[in-house]
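First the structure, in the form of structure tokens, and then the observations on it.
Just so it is clear, none of the values below were taken in a lab; they were calculated from the coordinates. The shown structure was predicted, so the numbers you read here are calculated from the model rather than taken from an experiment. Neighbour counts run over all protein chains shown; Cβ positions are idealised from the backbone, glycine included.
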């Protein structure tokens with residue numbers, strides 16, 4: 001492999017600044033460097049009401065952002081890193097209702113800069129990409145967005161078959177991303193075990209398909225996920241199923257297996273959309289998502305999904321719709337679920353957004369979560385600049 005001129009960011013990353021920086025003019029160093037990211041400001045206000053108790057209110061301002069840099073190092077080799085920040089100013093910690101995790105607390109903290117990802121990307125072999133380092137966990141059970149699930153390992157992607165991409169991942173250490181509904185059952189080390197995953201993403205005719213399989217050492221023997229989706233003349237539908245079997249020594253429903261399935265469908269064009277859906281968890285072993293902010297599963301709402309993730313025997317029904325008017329958009333939704341113990345939970349939300357500039361968006365939503373003996377009203381204003 002023949003080395004090309006190193007970029008300034010790549011030189012710093014590989015620890016060679018002292019040897020090469022003085023020999024590379026800045027204008028040459030930044031050529032070929034891809035820079036992206038966002039800056040975001042959120043204001044959130046919650047009011048938690050519990051039967052027989054005074055209301056508890058809280059508010060927080062969250063400031064977050066990230067800077068992504070991908071720079072060429074050599075022919076077919078690049079280095080990528082993400083510098084992120086996330087914190088709350090003047091936070092109030094909200095008390096949640098005594099009915100379990102409702103996903104309605106605002107947790108305080110101070111912000112700092114940190115390296116969220118750092119990896120090498122090799123594309124020197126046709127149709128093959130290899131990523132090694134601290135990187136996003138590429139699977140539907142995890143969350144790939146800001147502050148998402150990361151691991152230290154290797155990801156390989158092969159796209160040599162028409163309309164298909166095949167993935168394989170080995171993480172020797174994850175960042176402990178098991179979802180918040182499970183944490184009370186786990187030891188301190190659980191969630192940092194080795195993770196193995198394979199996947200296939202492609203299409204057959206008009207149907208988009210995904211298949212994934214994974215194993216989390218000492219926790220999950222295996223889990224299998226399938227997703228099928230199609231769209232025709234604006235009409236769309238999606239169905240998915242996930243089967244998961246826990247390890248015999250797992251603190252999560254030891255030596256059990258269970259299934260999750262969901263379906264949704266609707267209509268969408270450039271001006272409006274409407275969607276209705278249904279999901280169901282197993283009554284014996286409901287674990288299906290390793291992160292309650294995961295990317296792959298059919299879900300609904302600003303609060304309801306977080307309150308029902310991995311809860312046993314929980315059917316969920318929802319309908320939502322929205323419209324676009326130039327630079328403005330509106331969305332409304334209603335969802336309900338039947339929790340164990342004949343407890344009903346529902347959410348209604350409304351959202352409005354406006355694009356002030358091509359890369360600057362303002363969004364405001366109101367969400368009301370009702371859980372028999374408790375309820376939570378949440379309002380959030382978000383300002384986001386993307387570059």
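Restricting things to alpha carbons, tell me how big segment 254-349 is in terms of Rg and Dmax, in Å.
For segment 254-349, the Cα radius of gyration and maximum Cα-Cα distance read 14.9, 53 Å.
When all C-alpha to C-alpha distances in segment 229-280 are sorted into bins of 5 Å, what percent of pairs does each bin hold, rounded to whole numbers?
Once binned at 5 Å, the Cα pair distances of segment 229-280 give 5, 17, 18, 13, 12, 9, 9, 8, 6, 3, 0.
Which peptide among 45-51, 133-139 comes first, and what is the full order, when sorted by highest mean count of other Cβ atoms within 10 Å?
Details: 45-51: 17.6, 133-139: 21.6.
So the order, starting with the most tightly packed, is 133-139, 45-51.
Compute the semi-axes of the equivalent ellipsoid of segment 295-387, taking the square root of 5 times each eigenvalue of the Cα gyration tensor, and list them largest first in whole Å. Don't jump to the answer; show the numbers that get you there.
On the way: eigenvalues 173, 34, 28 Å².
Whole-Å semi-axes of the equivalent ellipsoid: 29, 13, 12.
Using the basic label-point model (7 angstrom from Cα toward the beta carbon), what is the residue 257 to residue 54 distance in nanometres?
Reported label-point gap for residue 257 and residue 54 is 5.3 nm.
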